[in-house]
Amino acid sequence: MSARTPRKQVHLGAHFPGVNSTTVWSDPASGSQIDFASFEHLARKAEDARLDFFFLAEGLRLREHKGEIFDLDVVGRPDTLPVLAALAAVTDRLGLVGTINTTFNEPWEIARQFATLDVLSGGRAAWNLVTSSDAFTGANFRRGGFLPYEQRYERAAELVEVARALWDSWDDDAVLGDAASGAFLRDGAVRDVEHVGPHFQVRGTFPTPRGPQGHPVLFQAGDSGPGRDFAAATADVVFSMHSTFEDGQAFYQDVKGRLAALGRTEESLKILPATTVVLGDTPQDAADRARHVRRQQVSGPGAIAFLEQVWGVDLTSYDPEGPLPDVEPDVDNADITRGRVRHVKDPRPVVAQWRARAEAEGLSIRDLVIAVTTRGGFVGTATQVADDIDRAVQEDASDGFILVPHLTPHGLDDVLDQVVPLLQERGSFRTEYTGPTLRDHLGLDRPVAASRRTAHLDQQPVG
Ligand SMILES: Cc1cc2nc3c(=O)[nH]c(=O)nc-3n(C[C@H](O)[C@H](O)[C@H](O)COP(=O)(O)O)c2cc1C
């Protein structure tokens, strides 16, 4: 292990389970995904453990499978920003991260909402930028399948550019409130913003003062080459899926390796993969529990539905505890599922590979689906898990993790009660917050306001 002095600090976020393929709504211990009490419990527990932030993912449309709401989505999706605003009132230090789409929203609204959340929370707001633009989700909005895949990051980059110009249009010390002279604002401290670009034309005086963080922290989730370039150019934190040790190290090197050319330090961008944790009193106990959780997450009908997404045909006559279907996939039926679920362009190589694996390892349909959808995660005693998390961070497989529970709202209680204190004992995790803002928790600089920001991009607007 590299001997760093001072020890590299682990960053941890608490992911609210929500609509997610890891969420188990059928467990008797599973509570509401909508009641404020569920959000409040997880946020308060996370703050008691001194976590960096609370995290909400987003889906703008419930996924469908064969014309029905996808089994895992029945829990529903509340709107992100009101939930975070309500949590700001019941927490003091915890960061509040909201996922908001960059393809279907306008910069003025987003900039105002996050500036407001930053002000209300005393500097704890963060925006997770996602681009998802599949036509099925797009149909919720007035522009149908808008935008083509290739233009999503272009729009996202321009959206962030405009949002930053709006946040910077107020100086930090703009409000004088000087009753004697009658001056409420300092002269010249609030400037109009004018932006003309391919995606946005924006002109006006931004109504919300600059928040305590200057700009809310920017997260990014998106894994393609353009997605990684966008993260390196724009984000403070990357939310990734690369949680296993080797995969994590490769991703970490790849993304951090893009920073120097952009004039950024490695410390200015944190990489936080999503991960799951299953604890047990002994390693065997933990392994047994992990197997139980995975079987809850992948039910028999769920395993069949998963195969149907790839095969493109009805497979309900097959026994999930039996061998893989002997019928061939329908190459043209990509519409059997809609929304952010598994789609493969040509299912035949995947089917051939899965058949070979199932035969070699003696796997049933359900076992195979469990095997191909398991993405790492920490399984062991509290001591083992603390060791593994710390090793991942010290050896640059990540800068920490976003912990994704499978149960609402108590799914992280044991990790927060048992694993976090062990990380604190070894000096890898804070025992107290050192500052009030999320930027303080993550060790990120506060952006300096540009004195005057007027962007004119000499390009034709997109119609
Ligand atoms: C770790 C991770 C989390 C994501 N979370 C969300 C989410 O909560 N909501 C959403 O609409 N898209 C989410 N996405 C999808 C991305 O925004 C993006 O649309 C998708 O990854 C395709 O972009 P890419 O080709 O750059 O990977 C997530 C992606 C990743 C990798």
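What follows draws every value from the coordinates through simple rules; no lab data is involved. This structure is a prediction, so every number in the text was calculated from the model and none was measured. As a convention, Cβ positions derive from the backbone with ideal geometry for all residues, glycine included, and neighbour counts pool all protein chains shown.
What percent antiparallel are the DSSP beta bridges of the chain, to the nearest 5?
Values: 12 of 46 bridges.
In the chain, approximately 25 percent of DSSP beta bridges are antiparallel ones.
Report the GluC sites (Glu not before Pro) located in the range 240-336 that are in a DSSP loop and have at most 14 other Cβ atoms inside 10 Å of their Cβ, or state none. Filter output for the range 240-336: Glu321. Distant-in-sequence amide contacts of Gly400, defined by a placed amide H-H separation under 5 Å and a gap of 5 or more residues or a different chain, comprise His11.
Residues Trp108, Trp127, arranged from fewest to most other Cβ atoms within 10 angstrom of their Cβ, appear as Trp108, Trp127.
What is the range 1-88 by shape, rounded, prolate or oblate, if you read a ≥ b ≥ c off the alpha carbon gyration tensor as root eigenvalues and call it rounded for a/c under 1.5, prolate for a/b larger than b/c, and oblate otherwise?
The shape class here is prolate.
A straight chain from Glu194 to Glu106 at 0.36 nm per residue would run longer than the Cα-Cα distance by 30.2 nm. Label-to-label distance, Glu359 versus Gln394, with points set 7 angstrom from Cα along the beta-carbon direction: 4.6 nm.
Taking a point 7 angstrom from the Cα of Asp134 along the C-beta vector, which residues in the range 45-64 have backbone N less than 20 Å away? Under cut-off, by backbone N: 57-64.
Screening the chain for whole DSSP H helices of 15 Å or more along their axis (Cα) with average Kyte-Doolittle hydropathy at least 1.0 returns 80-90.
Using DSSP to call loops (not H, G, I, E or B), can you name the trypsin sites (Lys or Arg not before Pro) in the range 25-102 whose Cβ has at most 16 other Cβ atoms within 10 angstrom?
Working: sites: Arg44, Lys45, Arg50, Arg61, Arg63, Lys66, Arg93; in loops: Arg50, Arg61, Arg63, Lys66, Arg93.
Qualifying residues, ordered by number: Lys66.
Pairs from the list Lys45/Lys270; Lys8/Lys256; Lys45/Lys66 with a Cα-Cα gap above 27 Å: Lys45/Lys66.
Quick check: from the Cα gyration tensor, does the range 283-373 come out rounded (a/c under 1.5), prolate or oblate?
Values: a/c = 2.04, a/b = 1.63, b/c = 1.25.
In terms of gyration-tensor shape, prolate.
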